[in-house]
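Following: one structure in structure tokens, then a few remarks.
The values are calculated or read from the model by the stated rules, or taken from the named source; none is laboratory data. This one's a predicted model, so the numbers in the text were calculated from it and none came from an experiment. Here the Cβ is made from the backbone with ideal geometry for all residues, glycine too, and neighbour counts use every protein chain on show. In case anyone asks, the SASA skips ligands and DNA or RNA and just uses the protein heavy atoms, side chains included. Shrake-Rupley method; radii C 1.70, N 1.55, O 1.52, S 1.80 Å.
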Amino acid sequence: KPLKGPNSMILSEKNNALFFTDSGPLGETSIESPQGSVFAIDLSVSMLKPIIDGKLAHPSGIALSNDENMIFVAETGLNRILRIVCHSSGVYHTSVFHQFSGRFGPTALAMHPDGKLYVARFDFTECSKTGIISIISPEGVLEEELSVQDCSEITGLYFSKMQEDILYATESSTNSLLKIQVNSAA
């Protein structure tokens, strides 16, 4: 079957795989119609493998744990982060890693080298003028929230490979690329 429209992707060198979310345009996969998916492309054999097939309410951001043993997915429509673990048997197990309330939902993820997950909490400019980036501990606990003035529609996050305390973010209502200094674990 055809893809709905890939949203985010991440390369796993350890697993020789490209993981990606498939959600289509905003609203095509939703609470009322949870048809989004998470796929892996096994790069050694160029094979597409479904991990979660047609059951998610607009999956968007995706990140790997630093050891690449876990996949984190932002399920925007249900305002939560999922954690996917591949068992040694090759079976994927999914659980809710963190459930948010308020705002529209998480849209982007970035894993800091210290193991904390940074989560862009999207909201429409009609509802909020402030962007929020939540920091989730390796245990799934909300530790801190960063506020970003006049940038509520954050759609992308990425940590600098050169400076681990620099987080880049994309924001759709202003078409901006933001450079954010974060507290370093060092």
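So the values come out like this:
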item	result
Cβ-Cβ FRET estimate between E13 and S88, R0 fixed at 22 Å, reported to 0.05	0.70
Lysine pair count for the chain [Cα-Cα under 26 Å; pairs on different chains or 8 or more apart]	12
The chain - percent of accessible surface contributed by carbon and sulfur, probe 1.4 Å	53 percent
Normalised convex hull volume, region 1-57, alpha-carbon set, Å³ per residue	69 Å³
Magnitude of the charge dipole, the chain, Cβ model with Lys/Arg +1 and Asp/Glu -1, debye to 20	360 debye
Average accessible surface area per residue within region 68-186, 1.4 Å rolling probe, Å²	49 Å²
For q = 0.13, 0.14, 0.15, 0.19 Å⁻¹, Debye-computed log10 I/I(0) when each Cα of the chain counts as one equal scatterer	-0.63, -0.74, -0.85, -1.36
Sites S95 and E144, calculated FRET efficiency, Cβ-Cβ separation with R0 30 Å, nearest 0.05	0.85
Amide N proximity, region 93-127 versus S137 label position 7 Å along Cα-to-Cβ, cut-off under 13 Å	116-117
Contact order relative to length of the chain, as percent, for alpha carbon pairs under 8 angstrom and 6 or more apart	11 percent
Fully extended contour minus Cα-Cα distance, from L177 to K161, at 0.36 nm per residue	4.1 nm
